[in-house]
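Here the structure is laid out as structure tokens; the discussion comes afterwards.
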Amino acid sequence: MAGDSYDVEIGRASARFGIPTRNEWTDFRTIEERPVLDHLVSNLRDDDVFYDVGANLGLYSCIAADVVTGPVVAFEPHPDNADRLEDNAALNGADVSTYRRALADSTGEAELALTLDKVGSAGHTLVSDWAAGDDRITVPKVRGDELIDREGLPRPTVLKIDVEGAERAVLDGLESTLSRPDCRSVYCETHAERLEKEGSSVADVRAALESHGFSLTEFSVREGKGESMLVGTKSSGAK
């Protein structure tokens, strides 16, 4: 498989991904979140600005970039995953800006636990004391609102958030952004057990999204693992 690529089609969108490792081939072949991606693609408008928070290898970023004419902004703090994300964006000629930092509720540094020692692992987490034996690396973190203002980034109209238990911190750091009427959709994967380790809960994530005017529906992502995707929509964002 080395040097080969794999094509993914989601509704009207498609993208090609490099598969230099068996792990990456498995990730792109199975796509457990396909129903969520189907919903996202059907919901995206060509003038949307899409943010991919916890972008991993760039599946959501590259698929979204095939639909929207505006920019895609991706956040991925793990260096190897960020490298592969940029490779996949280049393979598709996709307009994806990659920020190698974690979005959070404060600016500084954080410890990222490496739960699996392989490129494409979706288990890396900022949750403290997740597993004593995990290797850790120090990564930069930043409040989303602060970064958007400082860098003059286009403000998102649709976001996907998959941050392995740090969901509430990301939402708290994006309070101003999420409150904007034109921020119309959020796809937020929740991880119940890890949220509890941070003194939070899925109910807290739901309440945070609802406080910004989102109505919520829920997709089951991985049965039996306490993971689901909350999809928030804001009627005031309609054009």
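Only the coordinates and a few stated rules stand behind these numbers; no lab work does. Bear in mind that the values here come from a model prediction, so they are computed numbers and not experimental data. Cβ placement follows ideal geometry from the backbone for every residue including glycine, while neighbour counts extend to all protein chains displayed.
Taking label positions 7 Å along the Cα-Cβ direction at both Ser176 and Asp4, the computed distance is 4.9 nm, reported to one decimal. At an R0 of 22 angstrom, the distance between the Cβ atoms of Arg16 and Asp80 translates into a FRET efficiency of 0.65.
Would you please state the base-10 log of I(q)/I(0) at q = 0.18 1/Å for the range 1-123, with intensities from the Debye formula using one equal scatterer on every alpha carbon? Values returned for q = 0.18 Å⁻¹ are -0.95.
Using the reciprocal of the averaged 1/r over all distinct C-alpha pairs, how large is the Kirkwood radius of the chain in Å? Each step should come with its number before you reach the end.
Details: mean 1/r = 0.0563 Å⁻¹.
With all distinct Cα pairs of the chain included, I get 17.8 Å.
Simple spin-label estimate for Leu91 and Ser215 gives 3.9 nm between the two label positions (7 Å along the Cα-to-Cβ direction from each Cα).
Taking the Cβ-Cβ separation of Lys197 and Glu151 as r and a Förster radius of 45 Å, what is the calculated FRET efficiency to the nearest 0.05?
On the way: r = 31 Å, r/R0 = 0.69.
Approximately 0.90, to the nearest 0.05.
In the range 133-234, the alpha-carbon atoms span a convex hull of 108 Å³ per residue.
With N set to the number of residues, divide the alpha-carbon radius of gyration of the range 25-87 by 2.2 N^0.38 Å and report two decimals. Intermediate values should be presented prior to the final figure.
Working: Rg = 11.7 Å, N = 63, 2.2 N^0.38 = 10.6 Å.
Dividing the Cα radius of gyration by 2.2 N^0.38 Å gives 1.10.
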